[in-house]
1. Specify the residue with the greatest mean-square fluctuation among A96, A37, A81, computed from a Gaussian network of the chain linking alpha-carbon atoms under 10 Å apart.
2. Let me have the relative contact order for the stretch 1-136, percent, based on Cα pairs under 8 Å that are six or more residues apart.
3. What angle, in degrees between 0 and 90 and rounded to the nearest 10, separates the Cα long axis of helix 34-43 from the longest principal axis of the Cα atoms of the chain?
4. Please give the length that would be gained between A39 and D10 if that part of the chain were fully extended, namely 0.36 nm times their separation in residues minus their C-alpha to C-alpha distance (nm, one decimal).
5. Would you work out the charge dipole size for the chain about its Cα centre, treating the Cβ of every Lys and Arg as +1 and the Cβ of every Asp and Glu as -1, and quote it to the nearest 20 debye?
6. When the chain is modelled as a GNM with alpha-carbon springs shorter than 10 Å, which of L15, L100, L53 fluctuates the most?
7. For Y32, what accessible surface area do you get with a 1.4 Å probe? Give it in Å², rounded to 10.
8. So how tilted is helix 11-23 from the main axis of the chain? Cα-based, degrees 0 to 90, rounded to 10.
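The values are calculated or read from the model by the stated rules, or taken from the named source; none is laboratory data. Bear in mind the structure is a predicted one, so any value in this text is a computation, not a measurement. All Cβ positions, even for glycine, are placed from backbone atoms using ideal geometry, and neighbour counts span all protein chains on display. Keep in mind that these areas ignore ligands, DNA and RNA; they rest on the heavy atoms of the full protein, side chains included. Shrake-Rupley method; radii C 1.70, N 1.55, O 1.52, S 1.80 Å.
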Amino acid sequence: IPSVLVVDDDRGHCLILTPIFERAGYRVRCAYDGQEALATLLEWPADLVITELLMPRMGGMELLQSVRALNPRIAVVVLTAFGDWRTYVDAMNNGAVNYLSKPVPPDAILGVARHALFQRGIRAPSAHGPSGNARTEREAA
């Protein structure tokens, strides 16, 4: 089962994304800044990190660089409310597999996750969810 680490200082955003990914069949954990995310990754290796850019202690760009140094096989997606063209270019040049602006519909974030994992040779859960019942991600959210 693929694992996702959601990193955002907005706890509400973590509470929104966690059930979306869980219902789709992923294992999910949250961290509330980059330092907590790195500590989590040392104990719980994730396949995918979804991070906000602007956070206290360690922001998303520094986290992206640290994750790439720790384990380049971990896919990193930047999901931010504070992005611009310059941060997009910086994130992609530093190894992000995608860069999204909030808000993102559940089906879109799940599609980005599936694609990021596919690029790493990791099979994502089916679009039918872990139970095998046909349902859309919007219904799962």
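1. Sorting by GNM fluctuation, first place goes to A81.
2. Once normalised by length, the contact order is 24 percent.
3. Tilt of helix 34-43: around 60 degrees.
4. Extra length available between A39 and D10 comes to 8.6 nm.
5. 460
6. L15
7. For Y32, solvent-accessible area is about 60 Å².
8. Roughly 40 degrees, rounded to the nearest 10.
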